[in-house]
Amino acid sequence: MSTDVLVVGGGPAGRALAGACARAGLSTALADPQLDRPFTATYGCWADELPAGIPESTIAARARGRAIAVGTHDLGWEYAVFDVEALRAHLDAQLAGVEVHAGRVSGPAGPGRVALEGGATLTASVVVDAAGRWQPLNGTARRRPGAGAPVAAEQTAFGVVVPEEAAAALVPPGEALFMDWRADHGEPGWPTFLYGIPVGRGEVLLEETSLARRPGLPVPVLRRRLLARLAHHRIAVPDGARTETVRFPVDRPRHDVDGVLGFGAAAPLVHPATGFSIAAALGLAGPVADAVAAHLPDGPDAALAAARAVVWSPSARAVHRFRRIGLEALLRMPPAEVPGFFDVFFALPSHQRWAYLTGRDDLGGTMRTMGGLFAAADLRLRRRLVLPALRRPLPSNDGVGAPT
């Protein structure tokens with residue numbers, strides 16, 4: 001049987017879009033090899049990014065955002081952390097009427113056709129790749145880069161969950177530590193920061209994070225640095241504490257495969273400067289579904305084009321390009337200068353910081369932020385910000401990295 005929409009990938013983005021398509025009156029299928037597996041990542045966003053329709057019951061904690069670069073900055077915004085079990089239950093409740101296929105996709109099998117391992121084929125008018133960084137319907141993304149080509153820039157992190165009273169020296173109650181660039185871990189080399197957020201139930205996630213590097217900073221380095229940082233602040237990690245490991249690319253090009261819509265992290269909706277994507281995916285699910293429903297009577301190509309225009313409007317494409325330039329500037333920046341760069345950024349007016357960190361299609365706001373950052377920077381930082389726009393991507397940071 002053929003459906004109107006086939007969504008590949010059952011993470012938050014795929015579930016949200018499949019549910020939205022079904023509510024829009026489209027016959028919808030969802031394919032994932034382990035649809036019953038729990039969500040294990042920690043998802044968060046700025047509270048004002050939460051789209052309408054996300055119930056408060058899915059939020060585990062809210063806290064004021066704070067950052068430390070050279071100095072300390074009150075961001076002026078509230079951070080929201082999802083209760084992943086409640087979020088999954090909410091999204092599952094939206095899947096009524098969605099046809100579920102518990103199979104692993106091996107690749108495309110022609111226009112509107114997707115092959116599953118084992119030989120089965122699924123057919124739909126509109127096919128969506130929402131399978132995150134794996135992008136099973138994007139053969140180009142799965143190829144190894146050729147000689148001399150840049151390897152993927154990755155965000156990597158290692159974290160532990162501790163009681164909030166233990167974390168209070170770094171993350172006081174009611175606060176979320178967006179970034180702490182102090183080198184309290186005691187190691188030279190590639191810069192990393194502490195990310196500390198309440199996750200509900202009286203617990204706090206403390207995570208040593210490498211914002212972006214080619215290739216990603218090894219997780220054992222991050223683990224060592226985190227434990228040294230916590231020891232510096234006399235924070236004990238309980239025996240058996242829950243841990244979290246993070247690794248995903250932040251420089252993927254736009255998903256541009258004939259006959260397939262990339263969605264969620266596969267699009268990629270991942271912000272190169274933060275790694276955030278869930279708010280964008282949840283917010284776009286409804287508009288994408290409505291676009292498909294409105295244009296499918298004109299044919300699959302029209303529906304796919306309309307959905308792509310929602311995800312990648314001309315302004316969103318331009319913002320994505322500017323963010324990639326900003327990422328390259330960060331990858332080329334000498335490690336010792338990174339905290340100073342963020343000190344300048346966090347000192348910008350709130351509306352400029354907000355535009356850059358959240359406005360994925362706010363081209364005017366993004367340009368004003370970049371202009372404000374350039375005006376506030378000294379001559380050396382200005383060169384760091386401008387030159388990457390004129391150069392090819394840096395192939396690797398291996399000559400700059402931290403000890404392994």
Condition met for ARG353 (buried (at least 18 other Cβ atoms within 10 Å of the Cβ) and not in a helix (DSSP H, G or I)) | no
Please state which of the following conditions LEU91 fails to meet, knowing it meets all the rest: (1) closer than 15 Å to GLY10 by Cα; (2) among the hydrophobic types (A, V, I, L, M, F, W, C); (3) surrounded by fewer than 13 Cβ atoms within 10 Å (Cβ to Cβ).
-> (3)
Report the residue count in the range 185-225 for those that are touching a residue at least 60 places away in the same chain (Cβ under 8 Å) and farther than 22 Å from LEU331 by Cα.
-> 6
Among the residues of the range 250-266, is any modelled with pLDDT of 95 or more, surrounded by fewer than 22 Cβ atoms within 10 Å (Cβ to Cβ) and small (Gly, Ala, Ser)?
-> no
Take the residues in the range 285-331 that are charged (D, E, K, R) and farther than 30 Å from TRP190 by Cβ, then tell me which one is surrounded by the most Cβ atoms within 10 Å (Cβ to Cβ).
-> ARG308
Name the pairs: first residue in the range 243-259 and on the phi > 0 side of the Ramachandran plot and outside the structural domain of GLY107 (by TED's automatic domain parsing), second residue of a type in the set (S, T, N, Q) and surrounded by 19 or more Cβ atoms within 10 Å (Cβ to Cβ), Cβ to Cβ under 9 Å, at least 6 apart or on different chains?
-> none
Determine whether the range 72-91 contains at least one residue that is assigned to a loop (DSSP other than H, G, I, E, B), at pLDDT 95 or above, over 30 Å from GLY139 (Cβ atoms) and not basic (Lys, Arg).
-> yes
Number of the exception - GLY240 against (1) assigned to a loop (DSSP other than H, G, I, E, B); (2) within 30 Å of GLY110 (Cβ to Cβ) | (2)
Within the range 282-298, can one find any residue that is closer than 16 Å to TYR43 by Cα, touching a residue at least 12 places away in the same chain (Cβ under 8 Å) and touching an Asp or Glu at 6+ places or on another chain (Cβ under 8 Å)?
-> yes
Within the range 300-337, track down each residue that is touching a Phe, Trp or Tyr at 6+ places or on another chain (Cβ under 7 Å) and either of a type in the set (A, V, I, L, M) or not in a helix (DSSP H, G or I) (or both).
-> VAL311, MET333
Does the range 20-42 contain any residue that is under 22 Å from GLY359 (Cβ atoms), of a type outside the set (Val, Ile, Thr), in contact with a strand residue (DSSP E or B) (Cβ under 7 Å, 6 or more places away or on another chain) and touching a residue at least 40 places away in the same chain (Cβ under 8 Å)?
-> no
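The values are calculated or read from the model by the stated rules, or taken from the named source; none is laboratory data. Here the structure is a predicted model, which means the values were calculated and not measured. Methodologically, a virtual Cβ is constructed for each residue, glycine included, from the backbone with ideal geometry; neighbour enumeration extends over all protein chains shown.
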